[in-house]
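Right, one structure below, let's go through it.
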Amino acid sequence: MDEGAGALKSATTTRRVIRALSAQHPNADTELHYRNAFELLVATILSAQSTDERVNMVTPALFARYPDARALAAAVPADVERLIVSTGFFRQKAKAIIGMAHRLAAEHGGEVPADMDTLTELPGVGRKTANVVLGHALGVPALAVDRHVLRVANRIGIATTDDPERVEQQLCAALPKPMWTLASDVLILHGRRVCRPKPLCDRCSVRKDCEYYRTAIAPGRRDRRPRI
């Protein structure tokens with residue numbers, strides 16, 4: 001956790017923070033391109049250790065050749081690897097998405113299940129990936145926690161742990177279900193655009209509520225003020 005993290009902020013403060021961030025980042029949404037739950041599931045698996053922009057470059061050709069779970073389940077791994085090589089870890093990712101597709105085809109009629117436990121039983125699908133798909137493609141309240149959510153939530157003080165599942169629990173407990181997916185989206189965008197590893201605090205709409213700003217940034221700024 002960043003220096004300055006203290007007691008968990010109240011649910012009222014957490015809701016105020018998310019509303020303020022949603023105003024700063026209007027229309028926040030996943031930046032992965034997809035047309036259905038299957039495509040988002042594949043894209044999210046491919047996004048591990050890669051960027052959304054890079055994934056969006058490779059998925060059009062991938063989905064043109066393998067438009068659904070049954071098609072991808074029958075794919076030759078080497079052919080998939082060639083299509084996704086630029087996303088990194090392409091052999092592991094090809095194995096994961098082919099295995100995931102095979103399970104969908106064999107056990108779920110080719111459809112993506114709208115259930116956390118069932119999703120996380122699929123190859124290559126962890127809790128974060130499942131939450132992305134549930135919240136964005138399947139209409140199920142869900143809050144995905146990635147490295148940006150971890151960093152931003154802990155800096156502000158609306159989470160107080162480096163454990164992604166505990167952060168998810170803390171945020172979900174403070175927010176109404178209709179805000180869960182929005183909270184993930186705005187925290188991710190804020191982490192990419194403003195609250196970077198080296199934060200751009202002057203651009204932040206919630207610095208008055210931020211523990212990191214209060215304890216680590218603001219004191220240094222006061223010390224630099226000229227003395228009269």
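Bear in mind these aren't lab numbers, they're just calculated from the coordinates by the rules spelled out. Because the structure is a prediction, the values reported are computed rather than measured. Cβ sites come from the backbone with ideal geometry, for glycine too, and all protein chains shown count toward neighbours.
Exposure proxy shown here: for ASP29, ASP68, the number of other Cβ atoms within 10 Å sets the order, fewest to most, as ASP29, ASP68. Which residues does the label zone of ALA106 cover in the range 62-85, counting backbone N under 14 Å from a point 7 Å along Cα→Cβ? Label zone hits: 70, 73-75. With a ≥ b ≥ c the root eigenvalues of the C-alpha gyration tensor of the range 37-137, is it rounded (a/c under 1.5), prolate (a/b larger than b/c) or oblate? Because a/c hits 1.5 or more and a/b fails to exceed b/c, the range 37-137 counts as oblate. Toward the positive end of the charge dipole of the range 37-137, with +1 on the Cβ of Lys and Arg and -1 on the Cβ of Asp and Glu, the farthest Cα among ILE84, SER47, ALA69 is that of ILE84. Annotation: aspartates and glutamates with alpha-carbon distance below 20 angstrom to LYS208 (same-chain offsets under eight excluded): ASP2, GLU3, ASP223. In deg cm²/dmol and to the nearest 500, what is the mean residue ellipticity at 222 nm of the chain if only DSSP H runs of at least 4 residues count, each as -39500 (n - 2.57), divided by the residue total? Calculated at 222 nm, the ellipticity per residue is -16500 deg cm²/dmol. Label separation (SER205 vs MET116): 2.8 nm, computed from points 7 Å beyond Cα along the C-beta direction. Under the combined filter of DSSP loop state and at most 11 neighbouring Cβ atoms within 10 Å, the range 13-89 retains none of its GluC sites (Glu not before Pro). On the basis of the beta-carbon distance and an R0 of 30 Å, GLN49 and THR12 show a calculated FRET efficiency of 0.25.
For LYS128, the lysines whose Cα comes closer than 22 Å to its Cα, not counting residues fewer than 8 places off in the same chain, are LYS93, LYS95, LYS177. The range 111-134 and the range 78-98 have Cα centres spaced 19 Å apart. How would you classify the chain from its alpha-carbon gyration tensor, with a ≥ b ≥ c the square roots of the eigenvalues: rounded for a/c under 1.5, else prolate if a/b is greater than b/c, otherwise oblate? Prolate, because a/c is 1.5 or more and a/b exceeds b/c.
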